[in-house]
1. Roughly how many whole Å is it from the C-alpha centroid of the stretch 138-173 to that of the stretch 213-259?
2. Under 25 Å from the Cα of Lys281, which lysines turn up, not counting those fewer than eight places away in the same chain?
3. Could you let me know the centre-to-centre spacing of the stretch 1-70 and the stretch 416-476, using Cα atoms, in angstrom?
4. For Ala99, what residues show an amide H to amide H distance below 5 Å, using hydrogens built from the backbone and excluding near sequence neighbours?
5. Using only DSSP helix segments of four residues or longer, with each worth -39500 (n - 2.57), what per-residue ellipticity at 222 nm results for the chain after dividing by its residue count and rounding to 500?
6. May I ask for the Kirkwood hydrodynamic radius of the stretch 410-455, worked out over all distinct Cα pairs and given in angstroms to one decimal?
7. Taking each pair of different alpha-carbon atoms in the stretch 2-90 once, compute 1/r for the pair, average those values, and report the inverse of that mean as the Kirkwood hydrodynamic radius in Å to one decimal.
8. Say R0 is 51 Å: what FRET efficiency, to the nearest 0.05, do Arg386 and Glu216 get from their beta-carbon distance?
Amino acid sequence: MLRAAQEIAGVLGEDAVTYDADVLEHHGHSDWSTSNSPGRAVAVVYPRSTEDVSAIARICNRRNVPMVPFGAGSSVEGNFSQPHSGICIDFAHMDKIIAFHPDDMDVVVQPGVNWVDLNSHIASSGLFAPMDPSPTATVGGMVSTNCSGTNAFRYGTMKDWVLNLTVVLADGTVIKTRRRPRKTSAGYNLTSLFVGAEGTLGIVTEVTLKLAPIPEDTDVAVAAFPTIRAAAAAAAALIRSGIPLAALEIMDERQMAILNANGSPAVRSRRWAEQPTLFIKFSGTTDAVRSDAARATSLLQQQQPHSIGDEGERSGRKGSNVGNGAVLHFARTKQEEHDLWAARKESLFAMTSMRPPGYAIWSTDVAVPISRLADMVDWSKAECGRLGLFASVVGHVGDGNFHVAMLYDPRDGEQAAAIARCVRRMMDRALEMDGTVSGEHAIGIGKKECLRDELGDQTIGVMRALKRAVDPKWVMNPGKVFD
């Protein structure tokens, strides 16, 4: 492995390779991740082009050295951990927008491009990339985990926005999965094969993304409910109504209490009702937003939620009344709209800020069919509550996906084992409901056995055959997805 790193330095330059212990630790362990391995890479290398990555692959493949791609380090299932050591490939220097085609509504980028920076760069064109994962996420990692986020209810997941990929295979071969048109029926769908593969089949070095028009108008509403089941049931009713919401999120009463205690000043400027709460985003033309908001208000009044915000407050959309017994609080200004949605986006960061010293977060997610959403959320909340530890539910209920986060002391073997059993029961319950063990975090090293339960040995066998076909030496991010 060290000889491979030295050979890479000879090709890319000494400044493209580091053996610094702190850098290796940063690239091998994550406080965000539920799964970390004790192993560390022997070196981190920094390519600047597809040609550099191809050279790295040729060297590592010839020497049977594992290659582990690294994007922003924000994944949570140990996706970039190094259980077999090897060479970690960091794409921090491959952060260029290669080509922007506004008339075709697409953009070609390197994998190290941050999605927030990308949208800022192209905003003047009236277009944007609609995925909305962690604000730190980069496009390469988003492709590798088939990310989604709060906008998935309206726009789908990453697989729906990738037109083509340039991929370096294990032996250094460079392929492009297809050309740039929005539709094609030419050959196998290799693009989708690599999206969500977590770097186990090849290393993505260029991505062509479809873009969407920035909506003319948006609005945000929030509503609190007496129970988590009531909130989840209301979410399911909104989904089935056909109202074209931009996003539909849920946060339980513990998350709302955290916002009151640890939110940013803008979020804490209001006193949040500490009850299970739906966050609803509308987007489209101004008339469409107004119409959709009125329909949602009517539907949620039938669900009988409580109002949210200051006690006794009943606010209409941007200050206009929506009738007696209105159940939603709508943002009255664009700043308030931003602040309301910030409460949802800050949830994980606000929770981590309250961790006792030495404590860790175990975060996991599942997704189930919409008809089982209320049952699954309610069951998970009750199951986590039996642990006697901090546990909270938050997630993208618009597409049946939600997260559970639990704080625990990893030095306490009994606590860690109890949480592991709880998470496993949650996975089993989701599968009983014909759901999935991973809605958006991928598999990594944390959910390999759960994937076997979901898909079975025969399906995993097909995946292994594909893996052997393109990576016969098993050097591409080994130890992830399946063994």
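1. Taking the Cα centre of the stretch 213-259 as reference, the centre of the stretch 138-173 is 26 Å away.
2. Lys159, Lys210, Lys318, Lys334, Lys345, Lys381
3. Taking the Cα centre of the stretch 416-476 as reference, the centre of the stretch 1-70 is 26 Å away.
4. Val108
5. Theoretical 222 nm ellipticity from helices: -11000 deg cm²/dmol.
6. That comes to 11.3 Å for the stretch 410-455.
7. 12.9 Å
8. Result of the calculation: an efficiency of 0.60.
Readers should treat all values here as calculations from the given coordinates under stated rules, not as data from a laboratory. For clarity, every value in this text was computed on a predicted model and none was experimentally measured. Virtual Cβ from ideal backbone geometry, glycine too; neighbours counted across all protein chains shown.
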